[in-house]
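Some notes on the structure that comes next.
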Amino acid sequence: MSELTGKKALILAANLFEESELLYPLHRLREEGAEVTVASPQGAKVTGKNGYGPMGVEAAIEDASANDYDVLVIPGGFAPDRLRAHDATLELVRAFDTAGKPIGFICHAGWVPISAGIIKGRRATSVSVIKDDMVNAGTDWVDEEAVVDGNLVSARTPADLGPWLKALISTVRAA
């Protein structure tokens, strides 16, 4: 039996997502036995920042509920700038956090927890160009490949995908 058999994961997507930061978690979580759903605003097809797609998704973020999933994954790229302006996304992130369910985010995806108001007083990392945003939001920002603070699991860049997914899978398994 795989480590995440019976677990359900939700990956958020919007146009200009970083392909590796969406596709690697999608496949790794499935390899571990998780049922993975990709959701976007209004369930619209999305295209990656390097042209991958259009990629179909299985659900609309507006219809997703934290009660139906065990883990939330937010890829980076430029999609987080769109997701952070989407009220249903922010409500969903808050619901996952309130429930203490794992939330994985990488690179620019730190913008989403910032806008959801869940990052203050928490330890996390991100791509260095949004370090000031993270710090100004009250994050104890550190320059490490994967950072776990309770239910939050963050990473800097695609170079950190392996350690990030190992930490996220461990966090989901322990939840």
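With a Förster radius of 30 Å applied to the beta-carbon distance between Val135 and Phe78, the computed FRET efficiency rounds to 0.90. A full extension of the chain between Glu31 and Asp149 corresponds to an added length of 40.0 nm, given 0.36 nm per residue minus the alpha carbon distance. Comparing Ala159, Ala116, Ala66 in a Gaussian network model of the chain where C-alpha atoms under 10 Å apart are linked, the largest mean-square fluctuation is found at Ala159. Using the rule -39500 (n - 2.57) for each DSSP H run of four or more residues, divided by the residues of the chain, the 222 nm mean residue ellipticity is -9000 deg cm²/dmol. At an R0 of 25 angstrom, the distance between the Cβ atoms of Ala159 and Asn67 translates into a FRET efficiency of 0.15.
Label-to-label distance for Ser170 and Glu3 is 0.8 nm, based on points extended 7 Å past Cα in the beta-carbon direction. Note that the chain shows a convex hull volume over its alpha carbon atoms of 93 Å³ per residue. Inter-part distance, segment 82-140 to segment 1-66, computed on C-alpha centroids, equals 18 Å.
A short reminder: the numbers here are calculations on the coordinates, not readings from a lab. The structure presented is a predicted model; accordingly, all values stated were derived computationally and were not measured. Note: ideal-geometry Cβ built from the backbone for every residue, glycine included; neighbour counts use all protein chains shown.
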